[in-house]
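What follows is a set of notes on a single structure, which appears directly below.
The values are calculated or read from the model by the stated rules, or taken from the named source; none is laboratory data. Worth saying up front: this structure is predicted, and the values here are computed from it rather than measured. Cβ placement follows ideal geometry from the backbone for every residue including glycine, while neighbour counts extend to all protein chains displayed. Areas reflect the complete protein model, heavy atoms only, side chains present, ligands, DNA and RNA absent. Shrake-Rupley method; radii C 1.70, N 1.55, O 1.52, S 1.80 Å.
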Amino acid sequence: MNSVDQNMENHVKQYFLIFVALILLILGQIFAKMGSDALSIDNFNVLDFFNFFIILGYTCLILQGLVWIFVLRQMDLSFAYPFMSISYVLVLIFSYFIFNEAITGWKIIGSSLMTIGVAIIYLGERGNKND
Amino acid sequence: MIEYAYILIMVALTVTAQLLIKKGAGLIPDDKKVSLVIKGMLNKYIIMGAFVILIAPIFYLLALSRMELGVAFSFTGLNYVFVVMGAYIFYKENLTKYRLVGLMAIFLGIVIYNL
């Protein structure tokens, strides 16, 4: 009983870590886009890479990596990694509100399919654990 | 056209990094002592993975400066297919039917997203 509780607690912790990694991934994407808007193609300068938003994006990436190591320490890569696809759904929403990029019907259908895919992987794992 | 080369290089680097970090994460000792855990994190696989992860966004940024975030991000969908394939090939992870069906839905979703 005790070990079951502990196992449960461990699972909640793992899924929470996945969630944190997801948020950091999205923040990194948004800051990368903000930073890359400042890059000029015609007049390219390496120093342009070191602007505020790109540094912020990298910081999110480093933190995401640290969290991710602890996710992979306990979970299969082929189980945990697909969860990161939820970032598409969230990036779609953010790129609409922040960068005014278009939301199309295809993007909504695609995002829905990715969410369903992650749900299938998650529910499949739960089913196996209960066996 | 060069932006597609940038984004494919980024995919290859990302998949490599995930496989390296998975290998390294398994080498971290399960210990209450934080110092031992930190020491365990500094293994060669994680360090190599971190290096690869840090150079990947350079290619992503180069691509992003020429395409919409939504389009560039769609290409990273290939990461999912190759990461899961790699985990199966190199680490013999159990590819349950749920994982395969879920992965197909994710990949299809990413392709449709990009239409």
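Summary of computed values
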quantity: Isotropically averaged projected area of segment A:2-130, using the convex hull of Cα atoms (one quarter of hull area), nm²; calculated: 10.0
quantity: Karplus (6.51, -1.76, 1.60) ³J(HN,Hα), θ = phi - 60°, over segment A:101-115, in Hz, Gly and Pro reported as x; calculated: 6, 6, 9, 9, x, 4, 5, 5, 5, x, 4, 5, 4, 4, 5
quantity: Number of partner chain Cβ atoms within 10 Å, mean per residue of A:50-62; calculated: 1
quantity: Residue-averaged beta-carbon neighbours from other chains (10 angstrom radius) around B:76-82; calculated: 3
quantity: Residue among A:Phe31, B:Met41, B:Ser74 farthest towards the positive dipole end of the protein assembly as shown, charges placed on Cβ; calculated: B:Met41
quantity: Inter-part distance where segment A:59-131 and segment B:63-115 are each reduced to a Cα centre, Å; calculated: 10
quantity: Radius 14 Å from Cβ of B:Asp31, net charge of other residues (Lys, Arg +1; Asp, Glu -1); calculated: +3
quantity: Spatial extent of segment A:61-131: Rg and Dmax, with the Cα atoms as the point set, Å; calculated: 14.9, 47
quantity: Protection proxy ranking, peptides B:78-88, A:73-83, A:17-27, average beta carbon neighbours within 10 Å, highest first; calculated: A:73-83, B:78-88, A:17-27
quantity: Protection-proxy order for peptides B:92-98, B:63-69, B:29-35, B:17-23, each taking the mean of Cβ atoms within 10 Å per residue, highest first; calculated: B:17-23, B:63-69, B:92-98, B:29-35
quantity: Spin-label pair A:Phe50/A:Ala38, simplified geometry with 7 Å Cα→Cβ offset, distance in nm; calculated: 1.2
quantity: Average other protein chain Cβ within 10 Å of Cβ, residues A:10-23; calculated: 0
quantity: Debye intensity ratio in log₁₀ form over the Cα atoms of segment B:1-111, taken at each q of 0.10, 0.13, 0.16, 0.22 Å⁻¹; calculated: -0.37, -0.60, -0.84, -1.13
quantity: Per-peptide average of other Cβ atoms within 10 Å, ordering B:105-111, A:121-127 highest first; calculated: B:105-111, A:121-127
quantity: Signed unit charges on C-beta, dipole axis of segment A:2-130, positive-most listed residue A:Leu63, A:Pro82, A:Gly124; calculated: A:Gly124
quantity: Residue pairs, from the table A:Lys107/B:Lys23; A:Lys33/B:Lys23; A:Lys107/B:Lys22; B:Lys44/B:Lys92, whose Cα atoms sit over 28 Å apart; calculated: A:Lys107/B:Lys23; A:Lys33/B:Lys23; A:Lys107/B:Lys22
quantity: Solvent exposure, largest accessible area first (probe 1.4 Å, DNA, RNA and ligands not counted), of A:Ile86, A:Ile98, A:Ile108; calculated: A:Ile108, A:Ile98, A:Ile86
quantity: Estimated FRET transfer efficiency (B:Phe90, A:Gln74; beta-carbon r; R0 25 Å; 0.05); calculated: 0.85
quantity: Cα centre as origin, Lys/Arg/Asp/Glu Cβ charges: the protein assembly as shown dipole, Debye; calculated: 600
